[in-house]
């Protein structure tokens with residue numbers, strides 16, 4: 001069984017999201033979307049740094065150059081190591097409010113989901129190496145957690161609007177997705193499926209917004225385990241640490257001056273190992 005989660009750092013994030021582990025510097029990165037901030041935490045020294053404050057960022061990836069690629073409300077931008085922000089490309093879509101969750105693909109492209117203006121106008125886009133967008137599918141109010149199987153033949157996607165975990169066949173050579181199927185549909189009392197991580201064995205770990213939990217699924221969607229959390233809004237999850245054997249989870253609902261754990265980042269030892277995150281190659 002997985003050990004209980006422990007609090008790593010509490011910045012009282014309003015909407016903590018997008019945890020990503022960078023093995024190059026041994027740091028965890030995450031964002032507070034509503035607060036318009038990006039944070040970094042050096043695990044070995046317990047050192048926190050705020051890297052960015054500005055326009056809301058729906059998601060980000062690590063670029064092969066060492067920059068962070070930010071998917072903001074109306075553009076793609078690069079956050080340089082020295083803190084400078086350079087707009088890479090403007091972006092707008094008639095159906096979206098903003099970007100939400102993004103992931104670098106094995107080929108260096110980026111798959112980016114959106115929050116819709118309606119419950120069906122959000123969608124998922126593929127950004128190629130030039131930063132050009134192609135709509136993959138529409139029909140969600142809130143696109144959420146994504147991941148790839150270890151053999152890179154399956155892509156997992158979360159539709160928070162319909163509480164579904166879905167799988168697609170993925171062709172790395174063409175960057176195409178096909179054969180959509182529903183692996184799991186959460187009931188209302190389980191909370192809303194949110195962020196997602198896929199471990200080295202191909203099993204899924206799904207954060208549950210308003211569910212006080214992280215849920216461990218088999219590749220076919222079967223629930224294997226449920227890990228309880230002391231806060232309701234468990235928003236996202238990633239693997240990290242030197243051996244990729246730790247999990248880091250963001251939460252939401254915090255506010256400045258609060259004495260609660262809402263909005264804290266948690267650490268969890270699962271006995272499982274994760275996969276290294278792919279790096280994006282947009283504009284490189």
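Quick note: the coordinates plus some simple rules give every number you see, no bench work behind them. Note that this is a predicted model, so its numbers are computed, not measured. Neighbour counts run over all protein chains shown; Cβ positions are idealised from the backbone, glycine included.
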query: How far apart, in nm, are the 7 Å Cα→Cβ label points at residue 50 and residue 65?
result: 2.6 nm
query: Where does each of 179, 39 land when they are ranked from fewest to most other beta-carbon atoms within 10 angstrom?
result: 179, 39
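Within a 10 angstrom radius of the beta carbon, how do 233, 222 rank from fewest other beta carbons to most?
Taking fewest neighbouring Cβ atoms as first place, the list is 222, 233.
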- prompt: If you build a Gaussian network model of the chain, linking Cα atoms that sit under 10 Å apart, which residue out of 232, 112, 252 swings the most?
  reply: 232
- request: Kindly put 209, 137 in sequence by how many other C-beta atoms sit within 10 Å of each C-beta, fewest to most.
  value: 137, 209
statement: Quick calc of log₁₀ I(q)/I(0), the chain, Debye, one scatterer on every Cα, no solvent, q values 0.08, 0.10, 0.13, 0.15 1/Å, result -0.28, -0.45, -0.80, -1.12
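So what is the relative contact order of the chain, in percent, for Cα pairs below 8 Å that sit 6 or more residues apart? Don't skip to the end; give the middle numbers.
On the way: 851 pairs, mean separation 56.9, N = 284.
Relative contact order here is 20 percent.
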message: Test of understanding: extend the Cα→C-beta vector of residue 128 to 7 Å, then name every residue of the stretch 72-97 with backbone N under 20 Å from that spot.
response: 76-77, 88-93
message: Need the full-extension length gain, residue 42 to residue 178, defined as separation in residues times 0.36 nm minus the C-alpha distance. One decimal, nm.
response: 45.1 nm
message: Pairs of alpha-carbon atoms within less than 8 angstrom and 6+ residues apart define the contacts here; what relative contact order does the stretch 115-256 have, in percent?
response: 14 percent
- line: Full extension between residue 80 and residue 224 adds, at 0.36 nm per residue less the Cα distance, a length in nm of 47.8 nm
- prompt: Between residue 201 and residue 94, what FRET efficiency follows from the Cβ-Cβ distance if R0 is 41 Å, with the result rounded to 0.05?
  reply: 0.50
statement: The distance between the Cα centres of the stretch 172-236 and the stretch 6-42, in whole Å, is 20 Å
- request: Using a 10 angstrom cutoff on alpha carbons, build the Gaussian network for the chain and name the most mobile of 69, 88, 196.
  value: 88
